[in-house]
Amino acid sequence: NGKTYTRYCRLLVGMTKNPFDTLIDELNPDGNYIDNEKAAKIKRKLAEEFKKQLEIGVPTDDDERTIKYLVNQLKNGRVVVKLFLEYQLHAKLYLSYTSDSLTNQVALLGSSNFTFSGLKNQGELNVDVLEQDAADKLAKWFDKRWNSRWCIDITKEFIKIFFII
């Protein structure tokens, strides 16, 4: 389709609520709002949760090399991480762009979380979307959320997490 793409990874992280927060929201329907203060609080909480996950166990040499490589990619803008706060986002969509003239974008849509359980232990169901009109619609869906007012860049927070460990 003649599009050119910058080679970097955009990671969109969606928030889910724990059962207590879900109950509070159900009991107080007017409390379901987002503002700058609440967004900053969620951003800090997410950074703390990721840090806790990464502190479990002793990293191997390979783990440390991978983390250094990721930090370098984050610092150089090759990986950008944003947190989507507008509403709970449970979707799993992976987009890839190629120079192939028949399938210049490929989407993978399914249930796989980008977590240990999602990658190793659970039976997940995914489907690749090669048909270009459908893949383009999925890319537009992603871009709409990526460009939302309540989708905030947390790349710097990720870099800080990795330096703390």
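The values are calculated or read from the model by the stated rules, or taken from the named source; none is laboratory data. All values reported here derive from a predicted model rather than from experimental measurement. Don't worry about glycine lacking a Cβ; one is built from the backbone with ideal geometry, like all the others, and counts go over all protein chains shown. Note: accessible area is taken over every heavy atom of the protein model, side chains too, but ligands, DNA and RNA are not part of it. Shrake-Rupley method; radii C 1.70, N 1.55, O 1.52, S 1.80 Å.
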Problem - Nearby lysines by direct alpha-carbon distance to residue 45 (threshold 28 angstrom, same-chain neighbours under 8 apart not counted) - result: 17, 68, 75, 82, 92, 120, 144, 156, 160
Completion exercise
With a 1.4 angstrom probe the carbon and sulfur portion of accessible area for the range 42-165, in percent, totals 55 percent
Problem - Chain lengthening between residue 44 and residue 130 when straightened (0.36 nm per residue, less Cα-Cα) - result: 27.2 nm
Problem - Per residue solvent-accessible surface (Å²) - the range 68-107, probe of 1.4 Å - result: 59 Å²
Exercise for the section: Note the full-extension length gain between residue 11 and residue 64 as 0.36 nm times their separation in residues minus their Cα-Cα distance, in nm to one decimal. Expected result: 17.0 nm
Problem - With all protein chains modelled, accessible area of residue 120 [1.4 Å, Å²] - result: 150 Å²
Exercise for the section: Give me the distance in nm between label points sitting 7 Å out from Cα along the Cα-to-Cβ direction at residue 78 and residue 121, one decimal. Expected result: 3.1 nm
Problem - residue 69 - accessible surface, heavy atoms, 1.4 Å probe, Å² rounded to 10 - result: 140 Å²
